[in-house]
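Read the structure below first, then the notes.
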Amino acid sequence: MCMPDTLIPEVGVITSIRDETPDVKTFCVTSATGGKPFGHKPGQCAMLSVPGVGEAMFSITSSPTNTLYMEFSVKRCGTLTDYMHTMQEGDGITIRGPYGKPFPVDDVLRGQDLLFIAGGIGLAPVRSVINYVFDKREDYGSVDIVYGSRSAGDLVFRPEIEDTWRSRPRTNVYLTIDRPEEGWSGNVGFVPAYLGSLGLGCDKTVIVCGPPVMIKFVLEELVKLGFKKQQIYTTLELRMKCGIGKCGRCNIGSKLVCKDGPVFRCDEVDELPDEY
Amino acid sequence: MYKVSATQLTDVLNTLAGTMDVFLPIRKDGQTNFGLYAEGVQADFDTLKTVKPPKEFFLPQSESLYKGVVDGKDIHIEPAAFADRPFVVFGMRGCDVLGMEILDKVYLGEPVDRFYEARRGHGCVVALACGRPASTCFCKPFGVDASDPQADVTAWLCGQYLYLEPVTERGRQLTHKLEPFLQDADAEDVAEYRQEIRERLEALPYNNLSLDALKDADMLEVFNSPVWDSVCDACIACGTCSYVCPTCQCYDIKDYNTGDGAIRYRTWDSCMYSDFTLMAHGNPRKTQKERFRQRFMHKLVYHPSTAGGQLSCVGCGRCVNKCPSSLNIVKIMKSLGVS
Amino acid sequence: MQEQLRILAGKMLADGRAARVLGWKRTDFETAPEPSFFTAQDDLSELVYNKYCAANLSGFMIGAGKRDGVTVVFLKPCDTYSFNQLVKEHQIDRAKAYVVGVSCGGNAKVEEMEDVGWLERCLVCTKHDHVVYDELVLDESLSRPEAQDRFGGVTRLEGLQSLERYEFWQGELSTCIRCNACRNVCPACNCKKCVFDSAKYDTAAKANVTTFEEQLFHIIRAYHVAGRCTDCGECARVCPQDIKLQLLNRKIIKDINELYGEFQAGQDTETLGPLTAFNADTDAEPSIVHTRG
């Protein structure tokens, strides 16, 4: 068992690796003796590391209802993630967590109609909530998922979206890509514009995650559609080292993303300095 | 209260060093820092401020967390041991003692930092009254009484004696070890000395700063103040202010390649550095203005908002003294309305 | 002189010849003026010039050159060498600088805001004249502290056994707190991205679990500025631990002088440094390189 407060991780193992896109892979991680390293709630994160390479915070993309392993979808974009993309099934990896405040799945979100909006790899943290909701389907209202990416090849979790999510009851999935391409019959355009064209009612609770610029324009669009900031949750990302609110790196104003976040309600974000 | 003849100071230190590590100010090449006492080492209690604050005995500048070895597909982790040896920091000034209180709020707050907790649990602090406070000192506005600093033991070097007043149980245990040298004394014996110190303090330029302007400061208003646009013009983006600060808490976690594995260690860090918040996809604090603002917002606004109004500054004046460009927190406080 | 500088600055701002003036600003302590850009004439009453104006303003001209308009900058004789060197390295836009050379009678060493004598660099000063200026404001009455041998400290170190020398540097560098003040204040250290700030290397600029890294930092830094260091002494001035960094740079300067002939970085803006001009195909390696190993 890891001791989160000592910064000392537990040794885990990568049991399988799935290619999602050319630069995103999903890693299934268990503890060395099998089973999940620790419990978590949707939206929470964990620190993955390889000694001598580095350590970084990743959102746990699997739902807590998955009792066998944890999944992390990792985009290749830095020292550790480059290295992780060279790793093989069976390789050891260290893990500590869970860190951060989760989405309020067991109180605020219960019984609500839910609108999930994601861009690119931003679907990773949202997927944890989506699958949690699907596994407790009767506890929640309708589900709308609006997801976009640069190209069709950059849409993550494509098989799961097509084979599982689309067939769930009271669920609509809307996909879009930035530019037209051969073989794509779905919508073309940026997420905020697509969102505005869908005619969705504003009585939903929204969970949005993606690149900062996408979040910014999505929020503007949502407000235009009549949503209130209090209805919207997002996850923020800043550089982290400790994960427990000590190292002082991930603050936005007086809030620490690792401890007070990464999940924030958007009206709370408005009260913070614009520095993220 | 007790007193020990100043001529027996060496015996006192040797006695303590027999049962624990003793860290005290030592002068080397013109600069004074806390260091490990051993027989023959000359303590420097005259210099007011050490370059590095004594927080390093509770939060070392570099500290190993564990050793990690990648062995084929396996990874082995050997956690570093928690501190288990008693020690005393002898001669900490009142400002630095308050600095420890501020660090305690961070490191002993949930979740507790176990490495820090272990050091705090094994360390005793003997606070020394400041006989000659300097013109850069401004601890009084933060509630420090430099003539009567409160720690495990309060000490005064006055006349021919070292006066000791145990304050906590740990302090009583420490003075108990010194029984053969102790003579009874009375608070009256240091009253005149304390009065002298208070008079000296009153004559200092920053002694009576009023921090009222920072009370209930509006975070966004201060953050968006035009003050930040030019106040950091002279900042060279070094980490001096952070590293000499008794309340700067930030650390980085890094790997040190040992050839047969990696030691993962943490090390003091500074928000003044350009890589502090650098991520693969960019940096939320792009210029020195944002980094500079962060340091002072943290001390004057962010920390107080989570710590019942307590500022993360203790008025030690080290940054006033050491900044290569003569910038410092007083200048920033004044530009934000402190007078 | 201070009054002359204020008048000059005021005129330059008033007639629009300058967008800003880079000088030293009064603070709460006479002994600690702050490098500052003045843009308003009204603020010039805060402009000071005295022996506490130790900060070399040349490095700030890199950033100033990227702003609109001309910046007036006050440079002491030794500062002008740094300025020249930066012009030579294409770091300063000469056309956007108006250099006012100012006389210097030496800078004071300040501890806890107390004047405790002269800065070491001023005791060994050899740079008495400005090597670049658009205008001079001189005060002939200023006298310098009596000059000592600039290479005396290096010569003493050279006379030690290698182990003694190692112990000397071990003692000096082990006190380093890795604040990077020496690097960041150094006009020659003008890389946009320093090797010690790269996460890609183990050298990233933080203290390590061993003192080895601190030695590495200072030695590599000294080599990176070899042949470009004007010996302005800012590194030693700002070091919070008073590490004798000037000895490291001066050893390299002394070696260059002895091996390749006398050379002063920043003397002009054209001459290539000996280490830059050296051509391995045509130039003979000084024999001492081989004998020293």
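Laboratory data are not the source of any read-out in this text; all were calculated from the coordinates shown. Not measured: the values here are computed from a predicted model. All Cβ positions, even for glycine, are placed from backbone atoms using ideal geometry, and neighbour counts span all protein chains on display.
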- request: Would you please give the FRET efficiency between C:Thr126 and B:Ala6, computed as 1/(1 + (r/R0)^6) with r the Cβ-Cβ distance and R0 = 60 Å, to the nearest 0.05?
  value: 0.80
field: Sites matching trypsin sites (Lys or Arg not before Pro) across region B:1-97 that sit in DSSP coil, with at most 16 neighbouring C-beta atoms within 10 Å
entry: B:Lys73
Equivalent ellipsoid semi-axes - Cα gyration tensor, chain B, angstrom: 34, 29, 16
query: What are the extents of the Cα atoms of region B:154-243 along their three principal axes, listed from largest to smallest and rounded to whole Å?
result: 61, 29, 28
query: Taking the C-alpha atoms of region B:212-335, how large are the radius of gyration and the largest Cα-Cα span, Dmax, in Å?
result: 15.9, 55
field: Cα-derived Rg over Rh, computed across region C:152-292 with Rh taken as Kirkwood radius
entry: 0.97
- line: Among GluC sites (Glu not before Pro) in region C:65-143, those in a DSSP loop whose Cβ has at most 13 other Cβ atoms within 10 Å are C:Glu140
Surface/4 estimate of mean projected area, convex hull on alpha-carbon atoms of chain A, nm²: 14.0
message: Using only the Cα atoms of region C:2-137, what are the Rg and Dmax in Å?
response: 14.4, 41
Centre separation in Å (Cα based) which lies between region A:51-104 and region A:227-254: 19
task: May I ask for the equivalent-ellipsoid semi-axes of region B:111-261, computed as the square root of five times each C-alpha gyration tensor eigenvalue and listed largest first in whole Å?
output: 36, 28, 15
- request: Within region A:220-256, report the GluC sites (Glu not before Pro) that DSSP leaves as loop and that have at most 14 other Cβ atoms within 10 Å.
  value: none
Kyte-Doolittle at least 0.5, axis length at least 15 Å by Cα - qualifying DSSP helices, chain C: none
message: Over the Cα atoms of chain C, what radius of gyration and what Dmax do you get, in Å?
response: 19.9, 62
For chain B, cysteines whose Cβ has no other cysteine Cβ within reach (under 4.7 Å): B:Cys124, B:Cys130, B:Cys137, B:Cys158, B:Cys238, B:Cys250, B:Cys271, B:Cys313, B:Cys323
Mean shadow area of region B:282-339, taken as a quarter of the surface of its Cα convex hull (nm²): 5.0
- request: For chain A, find the longest principal axis of its Cα atoms and tell me its angle to the long axis of helix A:212-224, 0 to 90°, nearest 10.
  value: 30
query: If the cut-off is a Cα-Cα distance under 16 Å, which aspartates and glutamates reach A:Lys224, setting aside same-chain residues fewer than 8 apart in sequence?
result: A:Asp203, A:Asp267
- line: Only helices counted: for the protein assembly as shown, with every DSSP H run of 4 or more residues adding -39500 (n - 2.57) and the sum spread over all residues, [θ] at 222 nm is -7500 deg cm²/dmol
Cubic angstrom per residue, convex hull over Cα atoms of region B:1-127: 153
- prompt: How would you rank B:Val190, C:Val154, going from fewest to most other Cβ atoms within 10 Å of each one's own Cβ?
  reply: C:Val154, B:Val190
query: C:Phe263 to A:Cys77: FRET efficiency via 1/(1 + (r/R0)^6), r the Cβ-Cβ distance, R0 45 Å, to the nearest 0.05?
result: 0.50
- prompt: Under a Cβ-Cβ cut-off of 14 Å, what is the net charge of the residues other than A:Ser167 that fall near it, where Lys and Arg count +1 and Asp and Glu count -1?
  reply: +1
For region A:4-99, diffusion coefficient by Stokes-Einstein and Kirkwood Rh (Cα), 10 °C, 1.306 mPa s, µm²/s: 121
message: Please rank C:Trp118, B:Trp156, A:Trp184, fewest neighbouring Cβ atoms within 10 Å first, as an exposure proxy.
response: A:Trp184, C:Trp118, B:Trp156
task: Just rank C:Cys232, B:Cys124, A:Cys77, fewest to most, by other beta-carbon atoms within 10 angstrom.
output: A:Cys77, B:Cys124, C:Cys232
- request: Would you please report the Å³ per residue occupied by the convex hull of the alpha carbon atoms in region A:42-160?
  value: 120
message: Debye calculation, C-alpha points only, no solvent: report log10 I(q)/I(0) for the protein assembly as shown at q = 0.06, 0.08, 0.09 Å⁻¹, in the same order as the q values.
response: -0.49, -0.87, -1.06
query: Among the Cys residues of chain C, which have no other cysteine Cβ under 4.7 angstrom away?
result: C:Cys53, C:Cys78, C:Cys104, C:Cys122, C:Cys125, C:Cys176, C:Cys179, C:Cys191, C:Cys194, C:Cys229, C:Cys232, C:Cys239
